[in-house]
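Everything below concerns the one structure shown next.
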Amino acid sequence: MALPGDYLDYPARRHGMDNPFYGWEPAALRARREPACGLKAAATIIVPLEFFPLDPPMKPFRHPGAMVTPYPDLRHYTSRDYGNRVGVYRLLRAFAEAGITATFAANARVASRYPALIEAVLSAGHELAAHGVSTAHIHHEGLAEDEEQALIDETRLALPDAVTWMSPARNESFRTPGLLAQAGFSICLDWEADMRPLTLQTPHGPVTALANYNELSDFRLLVERAQSEDQWAQQIVEAGRSHLSLFGREGAGAFAFVLTPYVAGLPFRISALHDLLAGLKALPGLQILPARDAVAAFA
Amino acid sequence: MTFSDPNLYDYWPYEGRPKITWPGGKKLAFWIAPNIEYYEFDPPPNPKRQPWPRGNPDVTGYSQRTWGNTVGHWRMMDLFDKYSLRGSISLSVGLIDHHPEIIEAVAARNWEFFSHGIYNTRFSYDMSEAQERAVLADSIRSVEAATGQRIRGYLAPALTHTERTLDLIAEHGFWYSCDLFQDDQPQPLKTRTGKLVSLPYSLEVNDVIAYSVQGWSPDRYTDILKRHFDQLLKEGEQSGTVMCIPLHAYLVSQPHRLSPFEEALKHICAHRDDVWFATGAEIAGYYRDNFWDMAISDIAARGGARPGTGFSGPEREAGA
């Protein structure tokens with residue numbers, strides 16, 4: 001089948017970005033950014049609290065952590081559930097021992113199913129962010145606006161105080177950032193377009209994107225790439241060191257990475273997790289902050 | 001109609017559970033589970049899963065597994081003897097007929113058997129209730145006839161299940177299931193009848209996950225086993241934990257892997273003061289006798305108890 005005649009038309013071909021949310025601001029050509037609070041670099045730990053149903057829809061695509069074998073895939077259901085029952089409590093213990101706070105991004109279904117977990121997160125002083133309805137509710141352009149709005153409404157109802165949002169599987173439609181702004185979310189963890197907080201302009205006001213590095217995610221490195229626990233920890237510490245090293249030239253930076261309860265919370269990963277947290281804490285001038293505080297430091 | 005939540009167990013946060021102490025005041029219950037499997041050369045098709053990825057015959061896949069029985073399993077028995085370890089055998093029950101010499105060698109060592117189905121190439125998907133019952137009855141009868149042992153554990157063949165599998169296991173007088181991976185401690189399962197314990201089978205440190213899924217090197221697998229053990233032993237001071245090493249001779253007993261693996265056993269066996277070396281039924285039996293009621297009342301006290309039993313609760317929700 002032949003391509004349409006306009007296939008080589010390029011309507012957005014001009015200087016700058018082809019998305020409506022942010023402009024073109026190359027790192028080497030922009031002003032230094034030095035927050036008044038003296039921050040040099042911020043690292044944010046994101047802990048997703050996810051519900052993986054036994055019978056997920058495979059549209060618009062299979063969530064990376066979703067069921068694999070034919071129904072009933074008890075193997076993957078229980079392996080994921082391990083995170084919410086056991087793994088996350090190891091992460092909470094490690095954070096308490098290191099004296100740091102993180103951003104826990106919860107599905108609405110986790111909030112309703114496991115109130116004890118939400119209580120444990122809040123009572124330890126962590127930020128509770130919204131992470132959509134569940135892993136079976138992926139935002140995508142194939143949804144009508146009212147369908148996507150309903151997902152955000154259900155999440156907002158379950159997590160009324162959250163200011164930070166991460167979409168299930170970090171997937172969006174073209175309209176997601178605007179709907180988030182309208183629902184009162186001011187921070188988004190889906191985009192990773194810069195190494196300092198980046199303002200997304202939407203028809204309903206701004207949302208700040210804090211770079212959530214997919215290439216540092218434990219699922220990516222340890223599950224999909226089968227890298228070693230020590231390599232995983234070293235790369236995250238190196239990202240922190242690299243951000244700090246640029247302070248003199250470019251000013252303060254910020255980044256986030258994901259620790260998944262059913263990945264990082266396994267027994268054989270806890271010693272590397274302690275090394276990772278100790279390595280970040282040992283970097284002079286780097287602060288480990290929840291997303292809400294990291295973004296506020298740049299305000 | 002499908003279920004979003006199997007409702008086989010209730011939510012139970014790891015933090016703050018009442019203390020488990022294993023016999024002799026031990027902190028960690030350790031068991032080791034060699035899978036002695038039989039994969040058929042020409043298995044029948046199953047509508048949900050093709051037995052061999054390349055179709056029948058799959059000579060590399062098939063012959064590697066027969067190597068496991070001809071060579072690998074014997075090497076593993078020698079290694080366990082050296083460390084006085086008793087295995088809990090996840091048995092393809094059909095192997096009793098093909099290789100009775102293996103069964104005799106295992107039984108002579110007073111190891112335990114549990115059922116892993118008849119063949120690892122016959123899947124539970126789409127079985128009728130009568131067929132599933134036949135597999136369980138065959139498993140109990142065949143192992144008892146060959147060894148005198150009444151089996152108490154079950155691991156579904158190739159980890160394939162139906163909605164009724166756990167209920168049927170419980171009804172047939174089994175004590176433990178190795179099919180669920182939600183915890184590092186045992187937990188009562190919500191079956192219609194019986195008293196079935198979910199026994200941690202540590203899938204993430206299974207040699208199939210290590211070698212066939214993750215592609216770890218032998219040294220890395222040993223390193224991970226040591227880290228896993230060290231962490232669970234440390235946590236066992238608060239409340240007793242369980243670690244299993246599920247193995248397959250066709251993988252771990254390969255000439256380039258067995259010696260690195262021995263280093264992990266050496267490390268674990270150097271902690272005999274703190275570790276209860278047991279079999280599946282010994283751990284599950286002790287748990288049923290001492291901690292079953294405690295677990296149920298703690299879950300209820302913490303608000304986790306939900307009504308119903310497996311695949312019959314209120315969570316039915318088509319397509320999420």
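The values are calculated or read from the model by the stated rules, or taken from the named source; none is laboratory data. As the structure is a prediction and not an experimental result, all values here were calculated from the model. Backbone-built Cβ (ideal geometry, glycine too); neighbour counts: all protein chains shown. Remember, those area values only see protein heavy atoms, side chains included, never the ligands or the DNA or RNA. Shrake-Rupley method; radii C 1.70, N 1.55, O 1.52, S 1.80 Å.
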Expected single match for within 24 Å of A:F51 (Cβ to Cβ) and either among the hydroxyl-bearing types (S, T, Y) or outside any strand (DSSP E or B) (or both) among A:A181, A:A150 is A:A150
Of all residues making up the stretch A:22-41, the number that are open to solvent by less than 20 Å² (accessible area, probe 1.4 Å) and either within 30 Å of A:Y82 (Cα to Cα) or aromatic (F, W, Y) (or both): 0
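Residues B:V275, B:V252: which one is of a type in the set (A, V, I, L, M), within 15 Å of B:Y221 (Cα to Cα) and buried (at least 19 other Cβ atoms within 10 Å of the Cβ)?
Details: B:V275 fails: within 15 Å of B:Y221 (Cα to Cα).
On inspection, the qualifying residue turns out to be B:V252.
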Filter the stretch A:49-92 for residues that are closer than 19 Å to B:T162 by Cα, surrounded by 23 or more Cβ atoms within 10 Å (Cβ to Cβ), facing another protein chain (nearest Cβ under 7 Å) and of a type in the set (F, W, Y) and give the result. A:Y77
In the stretch B:211-234, what count of residues is obtained for those that are open to solvent by less than 10 Å² (accessible area, probe 1.4 Å) and within 10 Å of chain A (Cβ to nearest Cβ)? 5
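Can you report the number of residues in the stretch B:165-180 which are within 13 Å of another protein chain (Cβ to nearest Cβ) and in a strand (DSSP E or B)?
Going through the stretch B:165-180, the residues within 13 Å of another protein chain (Cβ to nearest Cβ) turn out to be B:165-167, B:169, B:177-180.
Those still in the list that are in a strand (DSSP E or B) too: B:177.
The qualifying residues number 1.
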Check whether at least one residue in the stretch B:298-312 is touching a helix residue (DSSP H, G or I) at 6+ places or on another chain (Cβ under 6 Å) and within 14 Å of chain A (Cβ to nearest Cβ), and report yes or no. yes
Take the residues in the stretch A:93-116 that are open to solvent by 20 Å² or more (accessible area, probe 1.4 Å) and within 11 Å of another protein chain (Cβ to nearest Cβ), then tell me which one is nearest to A:A294 (Cα to Cα). A:A96
Is it the case, given these coordinates, that B:A158 is more than 10 Å from chain A (Cβ to nearest Cβ), over 30 Å from A:Q231 (Cα atoms) and either among the acidic types (D, E) or not in a loop (DSSP other than H, G, I, E, B) (or both)? no
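If you take just the helices (runs of 4 or more DSSP H) that sit entirely in the stretch A:200-272, which of them hold at least 3 residues that are open to solvent by 10 Å² or more (accessible area, probe 1.4 Å) and closer than 17 Å to A:I288 by Cβ? So that I can check it myself, show each step before the final result.
Values: elements: A:229-245, A:247-250, A:261-264.
In the stretch A:200-272, the matching helices (runs of 4 or more DSSP H) lie at A:229-245.
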Note on the stretch A:130-189: residues within 22 Å of A:A297 (Cβ to Cβ) and under 13 Å from the mean Cα position of the chain (by Cα) are A:A130, A:T164, A:W165, A:M166, A:I187, A:C188, A:L189
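Regarding B:P23, is this residue open to solvent by 20 Å² or more (accessible area, probe 1.4 Å), within 30 Å of B:Q238 (Cα to Cα), in contact with a helix residue (DSSP H, G or I) (Cβ under 7 Å, 6 or more places away or on another chain) and away from chain A (no Cβ under 14 Å)?
yes
Matching residues to (1) without any contact (Cβ under 8 Å) to a residue 24 or more places away in the chain; (2) hydrophobic (A, V, I, L, M, F, W, C); (3) under 27 Å from B:N69 (Cβ atoms); (4) not in a strand (DSSP E or B):
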{"residue": "B:Q182", "(1), (2), (3), (4)": "no, no, no, yes"}
{"residue": "B:G194", "(1), (2), (3), (4)": "no, no, no, yes"}
{"residue": "B:Y201", "(1), (2), (3), (4)": "no, no, yes, yes"}
{"residue": "B:V208", "(1), (2), (3), (4)": "no, yes, yes, yes"}
{"residue": "B:S212", "(1), (2), (3), (4)": "no, no, yes, yes"}
{"residue": "B:I224", "(1), (2), (3), (4)": "yes, yes, yes, yes"}
{"residue": "B:W276", "(1), (2), (3), (4)": "no, yes, no, no"}
Suppose the filter is open to solvent by 20 Å² or more (accessible area, probe 1.4 Å), more than 23 Å from A:G265 (Cα to Cα) and free of Cβ contacts under 8 Å to residues at least 40 places away in the same chain; does B:A300 pass it? yes
Which condition from (1) away from every other protein chain (no Cβ under 14 Å); (2) farther than 30 Å from A:N84 by Cβ; (3) in a loop (DSSP other than H, G, I, E, B) is the one that B:G72 breaks? (3)
So B:F311 fits all but one of (1) within 30 Å of A:Y114 (Cα to Cα); (2) surrounded by fewer than 20 Cβ atoms within 10 Å (Cβ to Cβ); (3) hydrophobic (A, V, I, L, M, F, W, C); what number is the exception? (2)
Being charged (D, E, K, R) and surrounded by fewer than 17 Cβ atoms within 10 Å (Cβ to Cβ) narrows it down to one of B:E104, B:E112, so name that one. B:E104
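Report yes if some residue within the stretch B:126-137 is touching a residue at least 60 places away in the same chain (Cβ under 8 Å) and either over 15 Å from B:S90 (Cβ atoms) or not small (G, A, S) (or both); otherwise report no. Step through it out loud before you land on a result.
Applying the first criterion (touching a residue at least 60 places away in the same chain (Cβ under 8 Å)) to the stretch B:126-137 yields B:126.
Still in the list and also either over 15 Å from B:S90 (Cβ atoms) or not small (G, A, S) (or both): B:126.
Checked the stretch B:126-137: at least one residue is touching a residue at least 60 places away in the same chain (Cβ under 8 Å) and either over 15 Å from B:S90 (Cβ atoms) or not small (G, A, S) (or both).
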